[in-house]
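Beneath this line is the structure, given in structure tokens, with notes to follow.
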Amino acid sequence: MSRIGKKPVPLPAGVSARASGHTVTVKGPHGELTRSLHPELAVRLEGDSILVERPSDAAKHRALHGLSRTLVANMVEGVAKGYTKQLAVVGVGYKAETRPDGLLLTVGLSHPVDVKAPPGIRLTAEVPAQKMVDNHASTITVSGPDKELVGEVAAEIRGVRPPEPYKGKGIRYLTEKVRRKAGKT
């Protein structure tokens, strides 16, 4: 038995859910998310919790059971609290500016890079009070209710200019440690 799949997903206050067949819709203060799970799995509401059930103990069904329950739990947490990822822009002259539809990144390329925010995702760039606090010029915050989409947008922004190992310049996650290499001697 999947230990994760057996657990019911509790619905916090202010969050409502609908289940029909293998489709789940969760609505809360941070938005509404809908997901279709594998057709062989069943989803049902029981009181103030969501249960994911599998048809058999086959290896495929056991694997899908835990995955599907976790996906539903991430949806519930996303509409209740939301998810955020923070990135740091490090480098002399590197900066990020908030625009109405996304961000404008100036990161040492021949042109500024315009990053558009997908629907449901909010991108903000903050400049610290003191210049170069913790060796970065600005902090980018990616937030939204969908955990996968927040992670994907953060990875795409990081991919514009990944950190390089010699001076550490580039865009990195705020908690990321960049391994530095010694230069030529």
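The values are calculated or read from the model by the stated rules, or taken from the named source; none is laboratory data. Keep in mind the model is a prediction, meaning the values are calculated, not measured. All Cβ positions, glycine included, derive from the backbone under ideal geometry; neighbour counts span all protein chains shown. The area values use the complete protein model at the heavy-atom level, side chains included, leaving out ligands, DNA and RNA. Shrake-Rupley method; radii C 1.70, N 1.55, O 1.52, S 1.80 Å.
A few points about this structure:
- Its residues counted as N, region 41-125 yields a C-alpha radius of gyration over 2.2 N^0.38 Å of 1.73.
- Considering only 118, 171, 141, the residue lying farthest towards the positive end of the dipole of the chain is 171, judged by Cα position with unit charges set on Cβ.
- Rounded accessible area of residue 173 (nearest 10 Å², 1.4 Å probe): 60
- Placing +1 on the Cβ of every Lys and Arg and -1 on the Cβ of every Asp and Glu, with nothing else charged, gives the chain a dipole about its Cα centre of roughly 780 debye.
- Within the same chain, lysines fewer than 8 places from residue 81 are excluded, and of the rest, those with a Cα less than 30 Å from its Cα are 6, 7, 27, 95, 116, 147, 177.
- Estimated FRET transfer efficiency when R0 is 22 angstrom, pair residue 164-residue 184 (beta carbons, to 0.05): 0.90
- Rounded to 10°, Cα long-axis angle of helix 59-80 versus longest principal axis of the chain: 60
- More than 19 angstrom apart: percent of Cα pairs within the chain: 64
- Surface/4 estimate of mean projected area, convex hull on alpha-carbon atoms of region 1-71, nm²: 4.4
- Nearest-ten-degree value, helix 147-160 long axis tilted from longest Cα axis of the chain: 20
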